[in-house]
Amino acid sequence: MKNALEYHNISYEKIVLKRGRIYVKTRNAHETASNLAQVFGISSASPAIGTTSDMNLIVETAIKLADATVEKESSFAVRCHRVGEHPYSSMDICKEVGKQILTSLKDRNLRVDLGNPQFTINIEVRDKESYMFSETKHGVGGFPLGSQSKVVCLLSGGIDSAVACWFTMKRGCPVVPIYFDNSPFIDETTATKALDVAKKLFELSIGFPRKVYVVPHGKNLETFIKESPRKLTCILCKRMMYRAAENIAEIEKAEGIVTGEAIGEQASQTLINLRVLNDAVEKYPVHRPLLGFDKTETEALARKIGTFEISTRKAKGCTAAPAKPSTRAKLENVKKAEEKFDIQRMVEKSVRAAKIVTV
């Protein structure tokens, strides 16, 4: 939270931690709430007005809040939650505040609707203090970033891998994106898109390194196309990516590899092919947050996190993909095809040539 506030140049007096709540004392309540709602681990953020637990002051402050937020000819409700010992109940607060709002703002022709109000005045009384708010910004939730171990993530710049990264970050894992540069089978627009997606994701990981591994992979693809069954190109390509990612995971002291694969989304992502891909990795688990998602679900999430427009920008697709890729690759045939190559040397060469780009 402190990193986010500093990054967005938001000044604050202090941050107070109490059971179930974190209070940020600031003069920029709305801006603060909007930015903190994007911090992983925060379920919601509300710009609030604070006062004491004195009933009269609560009523007075609630009326001011209602005056500023509740529109004419609309419905409202008052909700109250208390912690501690007080000479009144939560219901007492709701009744008194509601009555005084109707009286003080009678020219607005307001009505109380406890079931489906257009505006809600929320009151929290905690011991000797109270807080009032009418707006709640839903947060991303999950775990605070860094509360779980680091992972490496295969990031293509497309819709799926970006959402997979976000889901992993949401569960507290800092991510190190890896982009595989398939030039000359793609052009620079694809790499630019991938780095822009990474930059967008890093806006949610303030305080953590903003680096992307860019691994040259085109020569490997050229070799596979020339000397192996064409239908296995995508499988051989992806197995090499997994191996390189495993090496980088070891360098980064990460705990796993994340991909955006979903069952049946592409030819290489049938369950049979995913098992063949898994065989290429020896030391690290492969995590697939989107395994059971369909495309419309993934696209909706991409829009939510702000990567959709970047991921759908026009870019040259990979021309190395065969016309008829294998959807039911046999592991023994894949391993036989790989026997022609010095796989270990190819992986090591790619990793050594990788560039670390800060975005």
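Any read-out appearing in this document is the output of simple, stated calculations on the displayed coordinates, not a laboratory observation. Values in this document were obtained by computation on a predicted structure and should not be read as measured data. Don't worry about glycine lacking a Cβ; one is built from the backbone with ideal geometry, like all the others, and counts go over all protein chains shown.
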Quickly estimate the mean residue ellipticity at 222 nm for the chain, helices only: each DSSP H run with n ≥ 4 gives -39500 (n - 2.57), and the total goes over all residues, rounded to 500. -12000 deg cm²/dmol
Just how many % of Cα pairs in region 2-138 lie over 19 Å apart, if you round to the nearest whole percent? 52 percent
For Arg111, Arg171, what's the fewest-to-most ordering of other Cβ within 10 Å of each Cβ? Arg111, Arg171
Using only the Cα atoms of region 96-240, what do you get for the radius of gyration and for Dmax, in Å? 26.0, 84
Kindly put Phe76, Phe293 in sequence by how many other C-beta atoms sit within 10 Å of each C-beta, fewest to most. Phe293, Phe76
Using distinct alpha-carbon pairs, which all enter the 1/r mean, Kirkwood radius of the chain in Å: 23.6 Å
The answer for the net charge of residues other than Val357 whose Cβ lies under 12 angstrom from its Cβ, with Lys and Arg +1 and Asp and Glu -1, is +2
Arrange the peptides 148-160, 36-48 so that the one whose residues have, on average, the most other Cβ atoms within 10 Å appears first. 148-160, 36-48
State the volume of the convex hull built on the alpha-carbon positions of region 183-268, expressed per residue in Å³ and rounded to an integer. 125 Å³
Value of Rg to Rh for region 151-358 (Rh from inverse mean 1/r over Cα pairs, i.e. Kirkwood): 0.93
Listed here are the pairs Lys18/Lys200; Lys64/Lys304; Lys226/Lys324; Lys193/Lys231; which of them are more than 25 Å apart at the Cα? Lys18/Lys200; Lys64/Lys304; Lys193/Lys231
